[in-house]
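Asks: The structure is given below, and queries will be raised subsequently.
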Amino acid sequence: MKEFRRRKGMFLPVLASMLVLCTALPVFAEEAEEAAEAVSPFFNSWWALAPAFVAIILALITKEVYSSLFIGILFGAILTANGNFEGTLQTVFSDGIVASMSDSYNVGILVFLVMLGTIVAMMNKAGGSAAFGRWAEEHIKTRKGAQFATILLGCLIFIDDYFNCLTVGSVMRPVTDRHKISRAKLAYLIDATAAPICIIAPVSSWAAAVSGFVEDGSGIQLFIRTIPYNFYALLTIIMMLTLTAKDIDYGPMAKYEKNAKKGDLFSGSNPYEGMKDDVPEGKGRVIDLILPVLVLIGCCVVGMIYTGGFFGGADFITAFSESDASVGLMLGSAFAVLFAIIYFVARKAFGFREAMSCLPEGFKAMVPAILILILAWTLNGITSGLGADTYVAGLIENSALGLQMFLPAFIFLIGCVLSFATGTSWGTFGILIPIVLKAFPWSAGNPISIVCVAACMAGAVCGDHCSPISDTTIMSSAGAQCEHVNHVSTQIPYAVTAAIVSAIGYLMAGVFAVKGLPAVIALPFAGLLMIIVALALGRKTDVGTE
């Protein structure tokens, strides 16, 4: 109760200030119709990023993400509508929430999540997760082994970050729980093997997205060339492996791991507490978990290349580069659900009626993630409507002809800020990559071009990792069934550490490229520095002392 009153005391002044702002903005139009149609004076300025920062700051202060996102949306709507009340409501609901929910790409992702939740519910009901837990209990003997198994599974599921987050979480939760690994640490391991793996995997939805921003049709070739320079992704993997191998942590994560070793896996509330599955002891087999996951991976791959025209004559790489991830994942998951129903009913794991009951169970399990995603998409749409992309693009273009050796590091930092504020990595490199390629065409042989494109992608992933409104961050929390704000607060120190070392790496790469030296030699230096920093910051989580 005291905690509620404390948060309420912080929340009410913020809400009151929002209402005051709504009535005190000096840009009120004289008539409602004129105000609704007027161009916001905040367009294409630093104010365009303010709504996202309001949501992020409130989420970190209040530790309550739903109201924080909605207040950020409301603030952005006030700026968009020039303070007009009717226009604000229109922006929040019709142009915001309804528009984000009616977007075909977003709907495909939501359907995919529900299908994935349904498959997980069926695997749990059949006892697949419990069986895998029993198998893991026999074969995985240590906390390190459980964490390395999580990392390995995350690396193997490289097709899509959403799929990665929810699948790895559902499979590894029983294992990490048995070895007293905090849900915050599990969420970090999931997140660190989601976007960082996808952004360096040529056969993934991320590779398809990046290639779509290259106009001359050489997107996949460019993507492959950028892999050795994607410092943030590579350094995140190096840091994660170092921390796991030495069983060390730092920052808030150390406290969560210390509590987990005492038996408290959550260090606070568990938003998924009412979603536990009651599986009879001894029921189920390991194949009940492995086979549906393998079928899901295969169906999703086939679904994605189908949308890219593979069955119409396109080769595999071209089909993947031109695929629609939303439609492909939706189709793949739908066929995987159909297979799971037939398989489990035929094996008499449960009846058809019980299989159908898994549909609402899967939807129920995904409700927290779906709600946050809808609000995050709405906030992103409002910041885009205020010209956040135009504003940041102007910053990049105005500095593109400056000191080239500092350009990769500068682009990386800009990508971090933009992705952090908007919560979208795809949108970030969608903004920055065309600008960089326009200033430095990679086909012209400019060595700085590939490094800068890689810096765009790395900065986008870094900001995505830090942002509470990022869809991948939200999915990682959902996959681990971890309190979302706890995941964000424990991951930020790790992400910032990797970001600092990455920025140093991009400074070295920029200098090497300008001097005519191979820029890739900056990678081993940055990797060694990452290991040294991780070992210097990390410490054992001793449960014997407070």
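Asks: Tally time: how many residues in region 315-333 are open to solvent by 30 Å² or more (accessible area, probe 1.4 Å) and either under 17 Å from S104 (Cα atoms) or not in a helix (DSSP H, G or I) (or both)?
Replies: In the first step, residues of region 315-333 are kept if they are open to solvent by 30 Å² or more (accessible area, probe 1.4 Å); the result is 315-318, 322, 324, 327, 330-331.
From what is left, the residues that are either under 17 Å from S104 (Cα atoms) or not in a helix (DSSP H, G or I) (or both) are 315, 322, 324, 327, 330-331.
Qualifying residue count, region 315-333: 6.
Asks: Taking region 79-94 only, how many residues are aliphatic (A, V, I, L, M), surrounded by fewer than 24 Cβ atoms within 10 Å (Cβ to Cβ) and over 27 Å from the mean Cα position of the chain (by Cα)?
Replies: Pass one, region 79-94, residues aliphatic (A, V, I, L, M): 79, 81, 89, 92.
Add one more test, that the residue is surrounded by fewer than 24 Cβ atoms within 10 Å (Cβ to Cβ), and what stays is 89, 92.
Checking which are over 27 Å from the mean Cα position of the chain (by Cα) leaves us with 89.
Qualifying residue count, region 79-94: 1.
Asks: Next question, about the same structure. Which one of these does I341 not meet: (1) among the hydrophobic types (A, V, I, L, M, F, W, C); (2) at pLDDT 80 or above; (3) open to solvent by 30 Å² or more (accessible area, probe 1.4 Å)?
Replies: For I341, the exception is condition (3).
Asks: May I pose another question? Have a look at A499, A495, A534 and point out the one that is at pLDDT 90 or above, closer than 30 Å to D177 by Cα and open to solvent by 10 Å² or more (accessible area, probe 1.4 Å). Let's see the steps before the verdict.
Replies: Numbers: A495 fails: open to solvent by 10 Å² or more (accessible area, probe 1.4 Å); A534 fails: open to solvent by 10 Å² or more (accessible area, probe 1.4 Å).
Step by step, each of A499, A495, A534 is checked, and only A499 is at pLDDT 90 or above, closer than 30 Å to D177 by Cα and open to solvent by 10 Å² or more (accessible area, probe 1.4 Å).
Asks: Turning to a different aspect of this structure: Tell me which residues, restricted to region 202-246, are assigned to a loop (DSSP other than H, G, I, E, B) and at pLDDT 90 or above.
Replies: Across region 202-246, the qualifying residue is only N230.
Asks: Is it the case, given these coordinates, that D160 is of a type outside the set (F, W, Y), under 20 Å from D471 (Cα atoms) and modelled with pLDDT of 80 or more?
Replies: On the way: of a type outside the set (F, W, Y): yes; under 20 Å from D471 (Cα atoms): yes; modelled with pLDDT of 80 or more: no.
Criteria not met by D160.
Asks: Determine, yes or no, whether A376 is closer than 16 Å to L69 by Cβ, assigned to a helix (DSSP H, G or I), modelled with pLDDT of 75 or more and touching a Leu at 6+ places or on another chain (Cβ under 9 Å).
Replies: Against the criterion (closer than 16 Å to L69 by Cβ, assigned to a helix (DSSP H, G or I), modelled with pLDDT of 75 or more and touching a Leu at 6+ places or on another chain (Cβ under 9 Å)), A376 does not qualify.
Asks: Consider region 131-156. How many of its residues are in a helix (DSSP H, G or I) and in contact with a helix residue (DSSP H, G or I) (Cβ under 7 Å, 6 or more places away or on another chain)?
Replies: From region 131-156, those in a helix (DSSP H, G or I) are 131-139, 143-156; that's our starting set.
Going one step further and asking which of them are in contact with a helix residue (DSSP H, G or I) (Cβ under 7 Å, 6 or more places away or on another chain), we end up with 131-133, 136-137, 144, 146-151, 153-155.
Of the residues in region 131-156, 15 are in a helix (DSSP H, G or I) and in contact with a helix residue (DSSP H, G or I) (Cβ under 7 Å, 6 or more places away or on another chain).
Asks: Consider only pairs whose beta carbons are under 7 Å apart and that are at least six residues apart or on different chains; among these, list those whose first residue lies in region 337-363 and is among the β-branched types (V, I, T) and whose second residue is assigned to a loop (DSSP other than H, G, I, E, B).
Replies: V345/G351
The values are calculated or read from the model by the stated rules, or taken from the named source; none is laboratory data. What you see is a predicted model, and the numbers here were worked out from it, not measured in a lab. Positions of Cβ are backbone-derived with ideal geometry, glycine not excepted, and every protein chain shown enters the neighbour counts. Heads up: the accessible areas ignore ligands, DNA and RNA and are worked out on the full protein's heavy atoms, side chains in. Shrake-Rupley method; radii C 1.70, N 1.55, O 1.52, S 1.80 Å.
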